[in-house]
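Please treat every number below as a calculation from the coordinates, not as lab data. What you see is a predicted model; the values in this text were computed from it and never measured. Using ideal geometry, Cβ is built from the backbone for each residue, glycine included, and neighbour counts are taken over all protein chains shown.
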Amino acid sequence: MAGTDLTPMSTMVVFPNGDKTPDIAVIRHVVEVDPIVFSPDSGFQRKLWFVLNLETALRLQGTPEYYSNVLADDESAQWRALIEKRGAQMTSTAPEYRYKKRL
């Protein structure tokens, strides 16, 4: 479905609406690395080294993908540029609030 982040780790639930467009929810069964908390003393290279090692551990466990958040007001546009250059794709199309609901 265009505009959604569907991967093999996703399930789509559709609520039909007669002849009208249905309501749709995407349920992602994912690994999420959030937050990543760096020491104030960590430089750019140390942050990169940490993430590379983390990704290696995830790959060795058979993890096909993971999600993580970078705050929109993060001080380092350089960091966002690097993770995008390394293959991460932004999935948000607009600023959004993030919620957690315990069931």
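The table below gives the values:
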read-out: For the stretch 20-25, Karplus couplings with θ = phi - 60° (6.51, -1.76, 1.60), whole Hz, Gly/Pro x; value: 8, 5, x, 8, 9, 10
read-out: Nearest-20 debye value, the chain charge dipole, Cβ charges on Lys, Arg, Asp, Glu; value: 220 debye
read-out: Of [x] 2, 8, 16, 22, 18, 15, 9, 5, 3, 2, 1, 0; [y] 3, 14, 25, 27, 20, 9, 2, 0; [z] 2, 10, 18, 24, 22, 15, 7, 1, 0, the label for P(r) over Cα pairs in 5 Å bins from 0, in percent derived from the coordinates; value: [x]
read-out: Helix 44-60 axis, angle to the chain major axis (alpha carbon atoms, nearest 10°); value: 50 degrees
read-out: Summed side-chain charge close to Y66 - residues other than Y66 whose Cβ falls under 14 Å, Lys, Arg +1, Asp, Glu -1; value: -2
read-out: The stretch 51-103, dipole about Cα centre (Lys/Arg Cβ +1, Asp/Glu Cβ -1), debye to the nearest 20; value: 280 debye
read-out: Separation between Cα centres of the stretch 81-103 and the stretch 1-41, rounded to whole Å; value: 11 Å
read-out: Qualifying aspartates and glutamates (Cα of each under 20 Å from Cα of K101; at least 8 residues distant if same chain); value: E32, D34
read-out: Contact order relative to length of the chain, as percent, for alpha carbon pairs under 8 angstrom and 6 or more apart; value: 22 percent
read-out: Choice from D34, D19, D73 showing the highest fluctuation, given a GNM over the chain with Cα pairs closer than 10 Å; value: D19
read-out: Of P22, A88, Q78, farthest towards positive along the dipole that unit charges on Lys, Arg, Asp, Glu beta carbons give the chain; value: A88
